[in-house]
Each structure stands twice: as C-alpha cells, then as structure tokens.
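Asker: Just passing along the structure, written as structure tokens.
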Amino acid sequence: MIGSMREGTHEPRAIDSERRGSDALIVHAARGYVDAICVGDADAAGAVIDDALDGGVSPVVLQSRVIAPAMRAVGVLWEGGAMSIAEEHLATAIGYQALTRLFPVLLGGGKRRGELVLVAGAAGAHHLLALRMVADVFEGAGFMVLFAGGDVQEEALLALVVEHQPAIVALGITMPLNAAALARELLALRAHDPELRLVIGGQGVPEALRECGGLFYAADTEELAEYAERVMTEPLQGELPVDIGDGGVVVAGSFDDREPDVGGVLEARFAQAAAVFADAARGQARQTFALEQIAFRDPLTDLWNRRAFEDRCQVLSEGPDVQLAGLVMIDVDHFKAINDGYGHRAGDLALIGVARCIDDSLRPGDFAARYGGDEFVVLLPDTATAAAVEIGERIRRWIETTLTAPQITVSIGISVPDHADRRRAALDVDRALYAAKEHGRNQLAVA
C-alpha cells in the first residue's frame with residue numbers, strides 16, 4: 001500500500017478532530033437522513049444535511065458517516081425484499097441532491113493543484129453515487145477531476161489514461177463479483193505506468209486487494225480526504241502482485257438469484273435526472289467558486305487576500321455567536337534586501353515559499369491570508385495562547401529550515417484577545433510583531 005495515513009516523512013499538518021462536528025450531531029443526522037430516504041422524503045433529507053452543515057459537521061464526514069451508511073442500509077433492505085427497486089432509485093436520487101448541498105462547501109476547503117485524477121467504476125460496476133463522493137473529495141482537495149462514470153472496460157480505461165495522462169486513477173466497485181475485473185484493470189494500469197497512483201475503494205473490494213502493495217485502499221471518504229492531502233508526495237510502497245489477475249480475488253456475490261424487480265421505470269428516470277441536475281449544480285458551484293477566487297485570493301501566493309481576511313473577521317465577530325480568534329501576524333525579515341540582492345523574481349518565490357510553509361503548518365479551520373506586501377496574517381478560531389504560540393513557532397521554524405536559498409526568516413506577533421474589538425486586537429498584534437523585530441527578528445512575541 002502507499003504509506004499509512006498516520007505515518008510519513010512530510011511535516012505533519014496539525015489535526016483538530018473535534019472540528020468535524022460532535023458525535024451526537026452526526027448520529028442524529030445519520031438517523032434522520034436514513035429515515036427520510038426510506039420514505040422518499042427529499043425535503044426532510046435535505047434539511048438534515050443543511051442542519052448538520054450549520055452545526056459544523058464537515059462535508060466529508062457527512063459523506064462517510066451519514067450518506068454512505070444510509071445507502072448501504074437501503075441496499076440491505078432491497079436485498080432482503082423490504083424495499084422495491086423503485087424505492088431504491090428514489091433513495092439514490094435523494095443522495096445526488098444531498099451531494100449537491102455538500103459540493104460548494106467542499107470546493108472552498110482545498111488548495112488548487114494542477115494534477116488530474118481519473119475517477120471510474122471498474123468493469124461491471126454500475127453504481128455511481130459512491131464514485132461521485134470520491135470525485136467530489138478529490139475536487140474538494142484541489143485536484144482536477146475527470147469523472148468517467150461506471151462500468152468502464154479495461155480498453156476504454158487505458159485509452160482515457162493515454163489521452164489525459166492523469167496522475168491518479170481512482171477505481172471503485174460495490175459488488176464483490178466485480179473484483180476480478182478490478183484486479184485485471186489494476187494490473188493493466190500498473191503495466192502501462194509503474195509510477196501511476198492507484199486508489200481503490202468500495203464495499204465490494206475483497207481483502208486480497210485491500211492489502212496489496214503498490215496501491216492505496218480507502219475504506220471511506222474520510223480516509224480518502226486525509227490521503228489526498230499528500231497523495232503526490234507519498235512514496236509508493238511494495239508492488240502490485242501479478243497473481244491477483246489469476247482469479248484468486250473473485251468472491252461470491254452476497255445477493256441471491258431472485259429475479260430482478262423490473263418496476264420503478266419512472267423512479268429510475270428520476271434518479272438519472274437527479275444525477276444530471278447534480279452535474280449542472282456542480283458546474284454552477286464551480287463557476288461561483290472561480291469568481292470568488294478572483295475576488296478573494298492573492299494571485300501570487302494562492303492564499304486568501306486582505307479583503308477575505310476582513311470578511312472572515314467580520315463573520316467571526318458579529319452575530320449572536322461571537323467566535324474569538326487568535327491573531328498571528330507574520331513579516332518576512334529583510335525582504336527588501338532579498339529583492340535588491342537577488343531580484344524581484346526571487347522575492348516572489350520567497351513570498352510563495354513563505355505562504356506554503358504557513359499553510360502547511362495550520363490546522364483545518366485556521367485561516368491564512370496575505371495581508372499585503374511581505375506581511376501575512378493567520379486567524380486561529382477558539383485557540384488558547386499556548387496553542388497559538390506553538391503554531392507560530394511551527395511556522396517560524398518551518399520557514400527557517402525550508403527556505404534556505406536564499407535564507408528566509410520571519411518575525412511573528414501573536415495576540416489572543418479575550419474581547420471582540422477587532423481594532424484593538426489588530427493594534428495588539430501589531431505591537432507584538434514590532435517587539436519581535438526590535439528584539440532581533442526570526443522570533444515571535446506575544447501581546
């Protein structure tokens with residue numbers, strides 16, 4: 001397998017699991033959502049998703065702990081004869097609508113990357129809802145995504161890889177009966193490109209494939225989201241065994257041989273229409289996101305800009321639920337000397353490097369922006385002084401040890417206010433930054 005999600009040589013990004021939402025809220029959402037889809041109530045299901053998002057549950061958690069388990073429950077009910085194929089189609093259509101609610105939030109959480117991910121269902125795999133979740137997670141992580149749909153045969157899959165040259169191919173199956181086809185496609189892909197990143201997932205993947213070297217198995221979209229953060233830097237470990245294509249991975253299907261339910265034609269068309277609508281909604285979300293990037297992103301460093309920072313401060317400090325946030329102000333030491341001595345291109349590269357070091361040092365939910373020139377600012381919601389100092393020191397150390405040609409250092413001011421007065425907090429962090437510079441630079445000071 002490609003390296004463990006919890007091990008690796010990359011500088012770790014701090015994780016605050018509590019920000020995924022409380023377990024009680026997730027359990028409540030899971031119960032409400034499955035109840036809604038089992039009776040075909042799209043409005044109730046949508047309300048459950050919206051309430052969970054408002055409560056701070058992340059889209060990926062809603063995918064893996066609410067929507068995916070509900071669809072598995074629907075499959076069990078259908079298999080046991082307690083749900084018709086028409087009702088299963090309606091549940092699927094509601095699932096597509098739920099994903100459209102999550103997609104815009106997912107888009108706002110990732111850095112833009114240049115790599116392409118090809119997402120497809122292996123030969124014989126026709127269920128697309130889980131594949132859509134995978135595609136959305138990768139797109140939310142900033143990758144470009146080519147969604148090839150289900151039942152992609154080996155020849156067609158290789159043709160897509162040759163034409164589009166993806167960095168990652170993600171394949172999924174929901175039925176164990178498709179495991180042999182998945183194994184053959186994996187071998188063909190590895191033979192085509194030994195360095196291609198291969199990701200597999202789905203409840204139909206047997207143990208023999210989950211434990212193979214040279215690829216990554218994601219048990220759910222939460223694990224996939226964590227992996228996506230370092231997919232391009234994690235070294236390949238092990239090799240894909242050639243004997244997995246000899247039929248050893250074939251697992252008997254768990255579904256019985258009863259005649260399929262041929263009813264529900266109208267509902268099947270509704271499910272297809274819901275998928276088309278979901279694609280259109282994604283296109284609109286992408287367009288809105290692109291416009292927001294133009295307005296609120298710094299084009300050089302790809303961090304948020306000062307306008308976005310001011311907006312975020314206003315959101316945190318206004319309304320009935322005021323959220324206090326620590327402030328970290330970062331200034332590049334002797335930046336003019338870098339421009340004068342090495343040229344403005346070197347100065348630009350220095351700012352880009354500093355921005356990346358800042359971003360790599362933060363937790364999910366933290367907010368970094370280029371404030372202007374060679375100054376950066378970070379918002380740390382609900383963070384104590386000790387934790388803010390730890391993050392600030394991690395940023396300072398990471399910049400000093402990473403950006404060495406030429407050597408870059410930064411001075412950092414930190415303020416963790418116990419009030420919601422933004423102007424006063426800004427003055428405090430400015431004074432702290434000034435103190436860090438006055439005491440020799442390449443250090444931090446706390447207001």
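Asker: At a Förster radius of 35 Å, what calculated FRET efficiency corresponds to the Cβ-Cβ distance of ASP23 and ARG307, to the nearest 0.05?
Answerer: Details: r = 36 Å, r/R0 = 1.04.
Calculated transfer efficiency: 0.45.
Asker: A further question on this structure: How would HIS419, HIS127, HIS334 line up from fewest to most surrounding beta-carbon atoms within 10 angstrom?
Answerer: Details: HIS419 11, HIS127 20, HIS334 16.
Lowest to highest Cβ neighbour count: HIS419, HIS334, HIS127.
Asker: Which residue, ALA435, ALA337, ALA290, has the most motion in a Gaussian network model of the chain that connects Cα atoms within less than 10 Å?
Answerer: ALA337
Asker: With a/c under 1.5 counting as rounded, go ahead and sort the stretch 41-84 into rounded, prolate or oblate using the C-alpha gyration tensor (a ≥ b ≥ c being the square roots of the eigenvalues; past the cut-off, prolate if a/b is larger than b/c, else oblate). Display every interim value, and only then the final one.
Answerer: Details: a/c = 5.05, a/b = 1.93, b/c = 2.61.
Judged from the Cα gyration tensor, the stretch 41-84 comes out oblate (a/c at least 1.5, b/c at or above a/b).
Asker: Which is farthest toward the positive dipole end of the stretch 17-293 among VAL242, VAL76, ILE200, measuring Cα position about the Cα centre, with Cβ charges +1 (Lys, Arg) and -1 (Asp, Glu)?
Answerer: Of the listed residues, the answer is ILE200.
Asker: Calculate how many DSSP beta bridges within the chain are antiparallel, expressed in % of all such bridges and rounded to the nearest 5. Numbers along the way, then the final one.
Answerer: Numbers: 20 of 42 bridges.
Counting DSSP beta bridges with both partners in the chain, the antiparallel share is about 50 percent.
Asker: Separate question: What are the ³J(HN,Hα) couplings of the stretch 200-207, residue after residue, when phi is run through the Karplus curve with 6.51, -1.76, 1.60 and θ = phi - 60°? Round to Hz, x for glycine and proline.
Answerer: Here the 3J(HN,Hα) series is 10, x, x, 5, x, 6, x, 4 Hz.
Asker: Given a Förster distance of 60 Å, report the FRET efficiency between ALA426 and HIS126 from their Cβ-Cβ distance, rounded to the nearest 0.05. Walk me through the intermediate numbers first.
Answerer: Working: r = 56 Å, r/R0 = 0.93.
Once the sixth-power term is evaluated, E becomes 0.60.
Asker: Kirkwood Rh over alpha-carbon pairs of the chain, then Stokes-Einstein at 4 °C and 1.567 mPa s: what D in µm² s⁻¹, rounded to an integer? Write down the numbers at each step before the final one.
Answerer: Values: Rh = 24.0 Å.
Translational diffusion coefficient: 54 µm²/s.
Asker: Give me a comma-separated list of calculated 3J(HN,Hα) values for the stretch 75-82, in order, Karplus coefficients 6.51, -1.76, 1.60 applied at θ = phi - 60°, integers in Hz, x for any Gly or Pro.
Answerer: With the stated coefficients, the stretch 75-82 comes to x, 5, 5, 5, 4, x, x, 8 Hz.
Asker: Could you identify which residue out of HIS344, HIS28, HIS89 has the top mean-square fluctuation in a GNM of the chain using Cα springs shorter than 10 Å?
Answerer: Highest fluctuation of the listed residues: HIS344.
Asker: Continuing with this model, one more query. Where is the GNM fluctuation largest for the chain (alpha-carbon springs, 10 angstrom cutoff): GLY204, GLY373, GLY121?
Answerer: With Cα springs under 10 Å in the chain, the top fluctuation among GLY204, GLY373, GLY121 is at GLY373.
Asker: FRET efficiency for LYS437 and ILE85, Cβ-Cβ distance as r, R0 = 56 Å, nearest 0.05?
Answerer: On the way: r = 69 Å, r/R0 = 1.23.
Working from the Cβ atoms, E equals 0.20.
Asker: HN-Hα J couplings of the stretch 336-343 from phi, Karplus 6.51/-1.76/1.60, θ = phi - 60°, integer Hz, Gly and Pro as x?
Answerer: Taking θ as phi minus 60°, the curve returns 4, 5, 5, 4, 6, x, 10, x Hz for the stretch 336-343.
Asker: Within the chain, which is the longest segment that contains none of the GluC sites (Glu not before Pro) sitting in a DSSP loop with at most 13 other Cβ atoms within 10 Å? Can you show the working numbers first?
Answerer: Working: sites that count: GLU7, GLU195, GLU211, GLU239, GLU318.
That gives 8-194 as the longest site-free run.
Asker: Which distance in Å, rounded to a whole number, links the C-alpha centroids of the stretch 130-157 and the stretch 333-349?
Answerer: 42
Asker: Restricting to Cα pairs below 8 Å that are 6+ residues apart, what does the relative contact order work out to for the chain? Please round to a whole percent.
Answerer: Numbers: 754 pairs, mean separation 63.1, N = 447.
About 14 percent, as a whole number.
Asker: Search the structure for amide H atoms under 5 Å from the amide H of LEU324, placed 1.01 Å from N in the peptide plane, and list their residues when 5 or more places away or on another chain.
Answerer: Long-range HN contacts for LEU324: ASP382.
Asker: Return TRP304, TRP78 ranked ascending by Cβ neighbour count within 10 Å, so the fewest neighbours appear first.
Answerer: Working: TRP304 21, TRP78 17.
Fewest to most other Cβ atoms nearby, the residues stand as TRP78, TRP304.
Values in this text are rule-based calculations from the coordinates and carry no lab data. None of these values were measured; they are calculated from a predicted model. Note that each Cβ is placed from the backbone with ideal geometry, even for glycine, and that neighbours are counted across all protein chains shown.
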